[in-house]
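Bear in mind that the values in this text are calculations on the coordinates, not laboratory data. Just so you know, these numbers come straight off a predicted model, no measurement behind them. Every residue, glycine as well, gets a Cβ built from its backbone with ideal geometry; the counts of neighbours run over all protein chains shown.
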Amino acid sequence: MDRNTANWRVFGKICCCLLLSLSSLNMLPGLAAAGQIASISKPAAQLIKDEGRQSAKGKKLAVIIDDLGNGMQGTEEIMALPVKVTVAVMPFLPTTEADARKAHEVGHDVLIHLPLEPKQGPTRWLGPGAILTKMSDEEVRKKVEAAIDNVPYAIGINNHMGSKVTGDERVMSIILDVCRERGLFFVDSRTNYRSIIFKLCKQKGMPQIKNDIFLDDVHTEAHISRQMDKVAEQVHAEGKCVTIGHVGTKGRKTAAVIKKYIPKLQGQGIEFVGISEMARDAKTPGQWPGGGIILP
Ligand SMILES: [Zn+2]
C-alpha cells in the first residue's frame, strides 16, 4: 500500500471518528438516534468501562521507544506491550521495514527516527541516511524524503542524536518543511537544550511536541523505575507527559520496567496514548497546520 492510499485510509478513519463523536454530542441530529441505539445495545459493564476511560482523559502518557530498525534487544518485548506506545524506527537498516510493519499491525504508532548530526561524537554512529549541517538545501531535502519513503506507516519524525542540527535554523527549517508537505509532524527528542524546533514549528503552524523525560540514560532497572515515577508525577501535575526509552543493550530492562508500571499507572487514571494523540492536542486554535498534517 503506498503512502497516499494509507493517508486516505487514515482520513476515512478520522471522518468516521468525527462523525461518531459529533453524533454522540447530538451535533448531527439525524445520526443521534443511531448513536442512542448503539449505546443502549452496549452491555452495562462496557458502558462503565467507557465512562472510566473518559474520566481518565486529561491524564495522558505517550511512551516513545527509539532506535528500532536494527534487530535490537528488547524490540519483541516492546511490540508485545499491552498498551499503545510509539516506536521510532531508523531508516535504511536491516529490520526497518519489518519493525515498522509489525508495530503498525499491533496498534503502536510509528515515527521515523531520523539521524541528525550531533555536536560531539563521530558521524559514523549516526547510521545510514544521516543529515549533516554541511549538506546543501537540496541534499537535506532529498535525505529527508528518502527516509520518509523508507519507513512504512510513519506518522511523524523524531531525531536520533542531533544536538547540532536541531540548533541549525537552515537545516531544521528544510526538515520541517518536508514533514509538513508529507503530512507528518516532528517530535523534538530534546538532545539539545538550545533546540530551535519549537520556534520553527510555531512559525510554520505545526504542533509543538517534545520529549519531557529520558527513561533509560542509566542502564539499571532502579534508574528506569525512578524515571517512571517522575513521569507519573508529571502526568498528575500537568495532565500529560512524553517520555523516551530505547531498544538496544538496555532494551529488555526498559521494556520490563514499563510493563511493570502499566497496571500501577492505569490504576492512577493515566491513559497510555500514541504520540499522534499528543500531536492532535498540540494543535492550537488559529494555527492550522500548513500543508496538511494527516493523523490517524
Ligand atoms: Zn536514537
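List of remarks:
- Taken one residue at a time, the phi angles of the range 72-86 give Karplus couplings (6.51, -1.76, 1.60, θ = phi - 60°) of 6, 4, x, 4, 4, 5, 5, 4, 8, 4, x, 10, 6, 10, 10 Hz. Gly and Pro are set to x.
- C-alpha center-to-center spacing [the range 198-234, the range 118-195] in angstrom: 19 Å
- Residues whose placed amide H lies under 5 Å from that of T95, excluding near-sequence neighbours: N70, G71
- Between S173 and K230, the distance separating the two model label sites (each 7 Å from Cα on the Cα→Cβ line) works out to 3.4 nm.
- Those aspartates and glutamates that a straight Cα-Cα span of less than 19 Å connects to K250, excepting residues fewer than 8 apart in one chain: D66, D67, E76, E77, D99, D216, D217, E221, D229
- Restraint check, K143/K199; K210/K259; K230/K259, Cα-Cα greater than 18 Å: K143/K199; K210/K259
- Rounded to the nearest whole Hz, the Karplus-based 3J(HN,Hα) values (6.51 cos²θ - 1.76 cosθ + 1.60, θ = phi - 60°) of the range 130-139 follow the sequence 5, 9, 10, 5, 7, 6, 6, 3, 5, 4, with x at glycine and proline.
- Both the radius of gyration and Dmax for the range 151-296 are 16.1, 45 Å, in that order, over alpha-carbon atoms.
- Note on K119 and V218: the extension gain reaches 33.5 nm, defined as 0.36 nm multiplied by sequence separation minus the Cα-Cα distance.
- 16 Å Cα-Cα reach of K134 towards aspartates and glutamates, excluding residues that sit fewer than 8 places from it in its own chain: E117, D168, E169
- Label-to-label distance, nm, for residues given as F92 and N70 (7 Å Cα→Cβ offset): 1.3 nm
- Taking all Cα-Cα distances within the range 58-282, those exceeding 27 Å account for 27%.
- Cut-off under 5 Å, modelled amide H: who pairs with K84 long-range: none
- Protection proxy ranking, highest mean first, for peptides 220-229, 238-247: 238-247, 220-229, where packing is the per-residue count of other beta-carbon atoms within 10 Å, averaged.
- Amide H contacts of I209: D188, each under 5 Å away and 5 or more positions distant or on a separate chain (H built 1.01 Å from N in the peptide plane; Pro and chain starts excluded).
- In order along the range 198-203, phi translates into HN-Hα couplings of 4, 4, 5, 4, 4, 4 Hz, rounded to whole numbers, per the Karplus curve 6.51 cos²θ - 1.76 cosθ + 1.60 with θ = phi - 60° and x for Gly and Pro.
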